[in-house]
1. Restricting to segment B:326-342, give me the number of residues that are in a helix (DSSP H, G or I) and of a type in the set (A, V, I, L, M).
2. Residue check: is residue A:193 closer than 18 Å to residue A:84 by Cβ, under 19 Å from the mean Cα position of the chain (by Cα) and aliphatic (A, V, I, L, M)?
3. I'm checking my understanding of the structure. Among residues of segment B:409-468 that are within 9 Å of chain A (Cβ to nearest Cβ) and in contact with a strand residue (DSSP E or B) (Cβ under 7 Å, 6 or more places away or on another chain), which one is surrounded by the most Cβ atoms within 10 Å (Cβ to Cβ)?
4. Got a sec? Which helices (runs of 4 or more DSSP H) wholly within segment B:199-305 have at least 3 residues that are in contact with a strand residue (DSSP E or B) (Cβ under 6 Å, 6 or more places away or on another chain)?
5. Condition first: touching a Gly at 6+ places or on another chain (Cβ under 7 Å) and part of a helix (DSSP H, G or I). Now tell me which residues in segment A:179-197 satisfy that.
6. Among the residues of segment A:224-261, what is the count of those that are within 14 Å of chain B (Cβ to nearest Cβ) and either surrounded by fewer than 20 Cβ atoms within 10 Å (Cβ to Cβ) or not hydroxyl-bearing (Ser, Thr, Tyr) (or both)?
7. Regarding residue A:379, is this residue of a type outside the set (A, V, I, L, M) and in a helix (DSSP H, G or I)?
8. Anything in segment A:151-160 that is over 16 Å from residue B:369 (Cα atoms) and surrounded by 24 or more Cβ atoms within 10 Å (Cβ to Cβ)? List them, or say none.
Number of protein chains: 2
Amino acid sequence: MSESRLKLDVTRMMADAIGKGYGVSSGEIEQIWPRVMNLLQGLEARRKSGELPFYTLHENEDMVSRIEEYAEKVRGRFKNLVLIGIGGSALGPIALADALLPLNWNHLSDEERKAPRFFVPDNPDPEYLGAVMEVCPPEDTLYNIVTKSGGTAETMAAYLAVMTPLKEALPEEWREHLVFTTDPSKGNLRKIARNEGITAFSIPSGVGGRFSVMTSVGLLPAALLGINIRDLLAGAAEQSEKVFNREFETNPSAAYAALQYLAHTQRGARMHVMMPYANSLYRVADWFRQLWAESLGKRMNLQGEVVNTGPTPIAALGATDQHSQVQLYVEGPHDKTFTFVVPRNFRRKVHCGKHHSDIESVDYLAGLDVGVLLRAEAEATQRALTAAHRPNMTFVLEEIAPDTIGELLYLLEAATLVAGGLYEVNPLDQPGVEAGKVATYALLGRSGYEDHRAEIEKERQRPSKIVQ
Amino acid sequence: MSESRLKLDVTRMMADAIGKGYGVSSGEIEQIWPRVMNLLQGLEARRKSGELPFYTLHENEDMVSRIEEYAEKVRGRFKNLVLIGIGGSALGPIALADALLPLNWNHLSDEERKAPRFFVPDNPDPEYLGAVMEVCPPEDTLYNIVTKSGGTAETMAAYLAVMTPLKEALPEEWREHLVFTTDPSKGNLRKIARNEGITAFSIPSGVGGRFSVMTSVGLLPAALLGINIRDLLAGAAEQSEKVFNREFETNPSAAYAALQYLAHTQRGARMHVMMPYANSLYRVADWFRQLWAESLGKRMNLQGEVVNTGPTPIAALGATDQHSQVQLYVEGPHDKTFTFVVPRNFRRKVHCGKHHSDIESVDYLAGLDVGVLLRAEAEATQRALTAAHRPNMTFVLEEIAPDTIGELLYLLEAATLVAGGLYEVNPLDQPGVEAGKVATYALLGRSGYEDHRAEIEKERQRPSKIVQ
């Protein structure tokens, strides 16, 4: 077997390393593994029947070719790519861009970038959306509108907001400044695309928003930004070979799910912190936060019983959060696991200069590669948590690159399905967001929601308790 | 009493609104209030004795004048302000800049801004630090180096990294491109300032990093960026009048601390989510995340007993996280409180255009003020959580402005001291970060840490458990 470019070091999740009663025991893994194998058999059968298309998105050559053709066609034409979407329609694209483009991307010159700047106003906040619109004149901008249903209120509102200046500035050509990513056949956006002849890409049916990063949702903006999407998919393909492996040691996604589940249910670690040691990976942790929370946080289990279950994922950033959260992580309650993501190599080197050599407590840093400091801090935090009996594991990436990121995202998606099985919930639905949507429609006075509106008005009459 | 521009609506924290066994009861507040009053008496006495200087930072006219003079002196001279600091030295400045400058600040032209761009590389990540250095040529840049001790490894490393290109580019004038914020008399940075004649501002002794936003740590960069720091301090002053009030209804900081503590200890709400509905306030939530975690997350209580206590603060963003976390928040375990921060008015208006009027499920948005949608979503989420028996409260800001932000930050700092008393921990120390620092020094080969290094080397010999 060739050396993997992505490894999961679980040493410090184990009782051997962090102490009995704190870590997961080998016996517990042995005990749960048959259940995991059983779940994997079920998932494999569902994959084969085509019920879980996310497992094989990397095989969709048609999709990739069409994206590449479009990216080639518009190359050099736009200074800005503005992606309008929210949740799964935004988090994947942001994670890819942050991980795989320089962190100063939007501040580089057109010549340095050779691809558009990238803005994702993923909130109907007028101050944020307005700020993006102000710096992206329609003449120079391609708008990628992303909503699977074609009806997401936040996304459609932002779309209607950018449409006015777009049509005003470009009464003839506005259609060419739009590209939609939506359902293959249904919904408003698909209808508009057909009526107006606007280019539209599809999100395959059966792939939910939080599992859509390897569809045109993630791949189209990535390709437009010059990211090698074939390498990304090759990484996913590599991991796809492992997700049904039968051994703990060769199945990182199942091992990850099992360890998180055991630490939660057997050791009370109900919060799952993901803490990359690289600014470029912080938004990968944020993407994971949606995946894990929305998939596993459920009121009912598969038997229809009220369980109110699910771990709470938390995104943190090393070393920055050592100066914010690590005090709590090391000394607070024993209610968390930690997943570090650490690259072995950074894509840029910065060295500390030799200055103030007369001061010993400064001079020990002179000449140091800053990346060495960051990696030392990751190891130091792992050791501090271990000494404090806190379960922690580490994804080690050979480097941050399209293939390792593709592999990591695929791994975490696969782990989520396994975890869904262990928690006995449906990891593919999100019934809990419905009530908020209905209340929003009612508050906006949308027709058909009059009864809800009346109910809200009645509730509004109740006295408030205000402190001031 | 004049109408407050900042109010705390606690209606939905109460059992009356969200259900018995889920919310806090009036009886529980009555019961704990004498304890809160007792704590406040102690804090007030310590304030009077000068032991808790953060309470009166807004009265420091000398500090403000000196900051304003310096800001006036360098006005128009620099295109970039690069703040090098981490933790409390960075989170306050970032919170102020994000809240009080347009969100596209760094993309505006020099004429539009009339003040420098702002970068805070608060991590020794070579990819991040290098990216900032690349877009900020030393000739155009003022570097504000911020570390109270003058010895923070991450900060000193970044400082040594920028020094080389700075001195190369400006062999004569480099000192004028530096401004330090550090201890009034001790530490490396103070020593360097004296030796080299570099301008240095002080962090008053007795004010820890996470309570330092109203010192030169936060005020100097704010003033350099053109933020009205007198209004900010006036807001803090306004809240300072309330923090020892004896009634629940007129003491927002004590009420906030008491409700969070009761929801945690009596209802199991061990996670405290802060969720502003405004992109500009997300970093205020992140600033609070340090304040709450590092102050309350403690191994030992004041009696020296091992308690491993402390709530876990979580930053979320509305409406964005409705599409990421709200599924879990509404349906998952009953282990969280929610603090919304909602402005009554936004500083910019954006309207949805009237397009595709033939599609009813799009047309209901036509003409809508996007800010109205965002506020409707905040209310909808509050209602959904309330219906699901989840304790939630809301800071209502008349608008996002220096005074309301100053008031909010002061309120949360004051609440933290009260909460420290309720949890019976010292909210001003952070002993748990020491182990990681020592391990980092050992790994970097700093002299004096040879024994620790030997220990680490021994541990490194132990076999790892790798999944790949």
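1. Of the residues in that region, 3 qualify.
2. On the way: closer than 18 Å to residue A:84 by Cβ: yes; under 19 Å from the mean Cα position of the chain (by Cα): no; aliphatic (A, V, I, L, M): yes.
When the stated conditions are applied, residue A:193 does not pass them.
3. B:467
4. Output list reads B:216-224, B:252-267, B:282-296.
5. Residues satisfying the conditions are A:188, A:189, A:190.
6. 20
7. Criteria met by residue A:379.
8. A:152
The values are calculated or read from the model by the stated rules, or taken from the named source; none is laboratory data. Treat the numbers as computed from the prediction; the structure is a model and nothing was measured. Cβ: placed from backbone, ideal geometry, glycine included. Neighbour counts: every protein chain shown.
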